[in-house]
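Step one of this worksheet: look at the structure below.
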Amino acid sequence: MKKKEKPWGGRFSEPTDRQVEAFTASIHFDRRLYRYDIEGSIAHARMLARQGILTKDEMKAIVTGLEAIQKEIELGTLLFSPDDEDIHMAVEKALTERIGEAGGKLHTGRSRNDQIALDIRLYLRDEIGQIKHLVGDLKAGFLEQARKEVGTILPGYTHMQKAQPVLLAHYLQAFWEMLDRDEGRLCDCLKRVEVMPLGAAALAGTGLPIDRHYVARLLGFPEVTSNSMDTVSDRDFAAEFLFVASLIMMHLSRFCEDLVLWSTDEFGYVEISDAFTTGSSIMPQKKNPDVAELIRGKTGRVYGDLVAMLTSLKGLPMTYNRDLQEDKEPLFDAVDTVKASLGILAAMLGRLRFNRERMEAGASGGFSTATDVAEYLVMKGVPFREAHGIVGRLVAFCISQKKALTDLKLTEFRKFYPGFQKDIFGCLTVRQSVNARKVIGGTAEETVSRRIKGMGGR
Ligand code: ARG
């Protein structure tokens, strides 16, 4: 083969335009799939030999050649060029240069269409495994912080208005729950990723006597795909992964939003360590929560990756179309972004310092135990709606008198409802309020501690 001739060049009489070469090439980004491409090719070659389609010697030459190519890529001695088009062509070309004719037999019973589907599946299997670990580490980080903050009271908000006091541990556990679901979604997505596509060839399958199950076994895939047309056009698993990645980012982003707010002078609930903040080039006093802001910002970017993938897929006629080459950059970008965000947040989380006094003081304001007074009345037999009205009037009275609920005397309570007894003073403080919420999933200390044990904490 002459240097410039394409492996598919047989029916062409004109060379490819340089612009077309540059425009259609994916080698500059899909080169990162080289390990998976080689792993898939080795399994394919072994199968071909087992089926008698390749001789043992040809297979050995191919496998040794591919292993050598992998080493060279890793050492940086094998350089790719744009006219290599994509990683599949680049590896095959390098192989043929090394081992000659046998290299040209590797592509038997295979197409780049099923080959790329395999590469992405192998890549995602690997990355999902790593992301699962990172999610696990971050969960452990939230659990660790929760264990330290079982005694800390935090104002709980709805509509960004003080609502009811909760434990900081309860808040931190909420993120553990989100990440736990994310972990489940990753495992579930993996089931759709680990399905072996080779054998679909271009779109119709192959007439050659290949053994797809053997390839799947070699690659550690539990199943093979069932429809060759679906196989080469399917990127559902990638879209699904991007959705899971988007949800992970959304969870991180919501925590980061609270961190940004809580680290303001106005809130002062948390101090992010110096090592995880940055300064201003003009204002010497500044300490900015840039990491948290960037995680929030990068969340939008991962959503963009998901939308890019879905949009690429929506108008595709069956089966493979070159549009599908556009699946890789969003996928790589999302993988890199999620991994980096999970890693840095876990590190930052471990070094947060919560201002317990400030949180508790914040929780005590804003009549945050008003619901407890209403529930007190309910226990005395007052219908809830009526109780709500009574306490609403009590709160209005307090506002006009510039008093807190804890400042009121029993006689004052009785002006609003004669059935108030001394025991009302047992449900007015934030701690009493928190500890009354023993319901499953509630914020009482004993409930939260029990959940921590259930999460695998001490
Ligand atoms: N680089 C291509 C991709 O990423 C590989 C498959 C190309 N197949 C083809 N028939 N042109 O999708």
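The values are calculated or read from the model by the stated rules, or taken from the named source; none is laboratory data. Because the structure is predicted, anything quoted here is derived from the model rather than measured. Quick reminder, even Gly has a Cβ in these numbers, built from the backbone with ideal geometry, and neighbours come from all protein chains shown. Side chains included, ligands, DNA and RNA excluded: accessible areas come from the protein's heavy atoms. Shrake-Rupley method; radii C 1.70, N 1.55, O 1.52, S 1.80 Å.
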| query | Can you name the number of the only condition in (1) within 16 Å of the ligand (Cβ to nearest atom); (2) surrounded by 20 or more Cβ atoms within 10 Å (Cβ to Cβ) that PRO317 fails? | reply | (2)
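State all residues of the stretch 7-33 that are open to solvent by less than 40 Å² (accessible area, probe 1.4 Å) and within 31 Å of the chain's Cα centre (by Cα); if no residue qualifies, say none.
Here is the first cut: in the stretch 7-33, the residues open to solvent by less than 40 Å² (accessible area, probe 1.4 Å) are 9, 21, 25-27, 29-30, 33.
ALA25, SER26, ILE27, PHE29, ASP30, LEU33 - these are the residues of the stretch 7-33 that are open to solvent by less than 40 Å² (accessible area, probe 1.4 Å) and within 31 Å of the chain's Cα centre (by Cα).
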| task | Scan the stretch 17-50 for residues that are in contact (Cβ under 8 Å) with a residue 40 or more places away in the chain, among the β-branched types (Val, Ile, Thr) and more than 27 Å from GLU74 (Cα to Cα) and jot them down. | result | none
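State yes or no: is ILE53 open to solvent by less than 30 Å² (accessible area, probe 1.4 Å), at pLDDT 95 or above and closer than 25 Å to GLY220 by Cβ?
Details: open to solvent by less than 30 Å² (accessible area, probe 1.4 Å): no; at pLDDT 95 or above: yes; closer than 25 Å to GLY220 by Cβ: yes.
It is false that ILE53 is open to solvent by less than 30 Å² (accessible area, probe 1.4 Å), at pLDDT 95 or above and closer than 25 Å to GLY220 by Cβ.
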| For the stretch 288-344, what are the residues that are farther than 21 Å from LEU134 by Cβ, in contact (Cβ under 8 Å) with a residue 12 or more places away in the chain and of a type in the set (A, V, I, L, M)? | ALA308, MET309, LEU310, LEU313, LEU316, MET318, LEU324
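Take the residues in the stretch 345-355 that are out of contact with any strand residue (DSSP E or B) (no Cβ under 6 Å at 6 or more places or on another chain) and either without any contact (Cβ under 8 Å) to a residue 60 or more places away in the chain or outside any helix (DSSP H, G or I) (or both); name whichever of them is nearest to the ligand (Cβ to nearest atom). Spell out how you get there, then give the answer.
The first filter runs over the stretch 345-355 and keeps only residues out of contact with any strand residue (DSSP E or B) (no Cβ under 6 Å at 6 or more places or on another chain), leaving 345-351, 355.
Of the ones still in play, those that are also either without any contact (Cβ under 8 Å) to a residue 60 or more places away in the chain or outside any helix (DSSP H, G or I) (or both) are 351, 355.
On the way: ARG351: 41, ASN355: 51 Å.
Here the answer is ARG351.
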| said: When the residues of the stretch 230-272 are narrowed to those that are in contact with a Ser or Thr (Cβ under 7 Å, 6 or more places away or on another chain) and closer than 30 Å to THR319 by Cβ, which ends up surrounded by the fewest Cβ atoms within 10 Å (Cβ to Cβ)? | reply: SER233
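Would you say LYS162 is modelled with pLDDT under 95 and open to solvent by 50 Å² or more (accessible area, probe 1.4 Å)?
Working: modelled with pLDDT under 95: yes; open to solvent by 50 Å² or more (accessible area, probe 1.4 Å): yes.
When the stated conditions are applied, LYS162 passes them.
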| remark: Scanning the stretch 404-416 for residues that are in a loop (DSSP other than H, G, I, E, B) and under 48 Å from the mean Cα position of the chain (by Cα) gives ALA404
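Which members of the stretch 168-177 meet the condition of being buried (at least 20 other Cβ atoms within 10 Å of the Cβ) and either among the aliphatic types (A, V, I, L, M) or at pLDDT below 95 (or both)?
First, pick out the residues of the stretch 168-177 that are buried (at least 20 other Cβ atoms within 10 Å of the Cβ): 168-173, 175-176.
Once the filter is applied, which keeps residues that are buried (at least 20 other Cβ atoms within 10 Å of the Cβ) and either among the aliphatic types (A, V, I, L, M) or at pLDDT below 95 (or both), the stretch 168-177 yields LEU168, ALA169, LEU172.
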| query | Only one of LEU405, LEU410 is closer than 17 Å to ALA363 by Cβ and in contact with a Phe, Trp or Tyr (Cβ under 8 Å, 6 or more places away or on another chain); which? | reply | LEU405
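Looking for whichever is surrounded by fewer than 18 Cβ atoms within 10 Å (Cβ to Cβ) and assigned to a helix (DSSP H, G or I) here; the options are GLY419, GLY392, GLY381, GLY362. Which one fits? So that I can check it myself, show each step before the final result.
Values: GLY419 fails: assigned to a helix (DSSP H, G or I); GLY381 fails: assigned to a helix (DSSP H, G or I); GLY362 fails: surrounded by fewer than 18 Cβ atoms within 10 Å (Cβ to Cβ).
None of the other options fit; the residue is GLY392.
Under the condition of being among the small types (Gly, Ala, Ser) and in contact (Cβ under 8 Å) with a residue 24 or more places away in the chain, which residue from the stretch 63-80 is surrounded by the fewest Cβ atoms within 10 Å (Cβ to Cβ)? Spell out how you get there, then give the answer.
Here is the first cut: in the stretch 63-80, the residues among the small types (Gly, Ala, Ser) are 65, 68, 76.
Next, only the ones that are in contact (Cβ under 8 Å) with a residue 24 or more places away in the chain stay: 65, 68.
Details: GLY65: 24, ALA68: 15.
Checked the stretch 63-80; the qualifying residue surrounded by the fewest Cβ atoms within 10 Å (Cβ to Cβ) is ALA68.
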| task | Test GLY156 against the criterion of being in contact (Cβ under 8 Å) with a residue 40 or more places away in the chain and not in a loop (DSSP other than H, G, I, E, B), and give yes or no. | result | yes
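Would you point out which residue out of LEU33, LEU79, LEU54 is closer than 18 Å to THR108 by Cα and among the aliphatic types (A, V, I, L, M)?
Working: LEU33 fails: closer than 18 Å to THR108 by Cα; LEU79 fails: closer than 18 Å to THR108 by Cα.
On inspection, the qualifying residue turns out to be LEU54.
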| said: For the structure I just gave you, tell me whether SER312 is under 29 Å from GLU360 (Cα atoms), at pLDDT 95 or above and hydroxyl-bearing (Ser, Thr, Tyr). | reply: no
| query | Out of the stretch 273-302, which residues are open to solvent by 90 Å² or more (accessible area, probe 1.4 Å) and either among the aromatic types (Phe, Trp, Tyr) or under 21 Å from ASN355 (Cα atoms) (or both)? | reply | ASP274, GLN285
| note | With criteria (1) open to solvent by 50 Å² or more (accessible area, probe 1.4 Å); (2) within 16 Å of the ligand (Cβ to nearest atom); (3) among the acidic types (Asp, Glu), ASP84 comes up short on (1)
| field | Matching residues in the stretch 106-132 - criterion: being among the β-branched types (Val, Ile, Thr) and either open to solvent by less than 10 Å² (accessible area, probe 1.4 Å) or near the ligand (Cβ under 8 Å from one of its atoms) (or both) | value | ILE116, ILE120, ILE128, ILE131
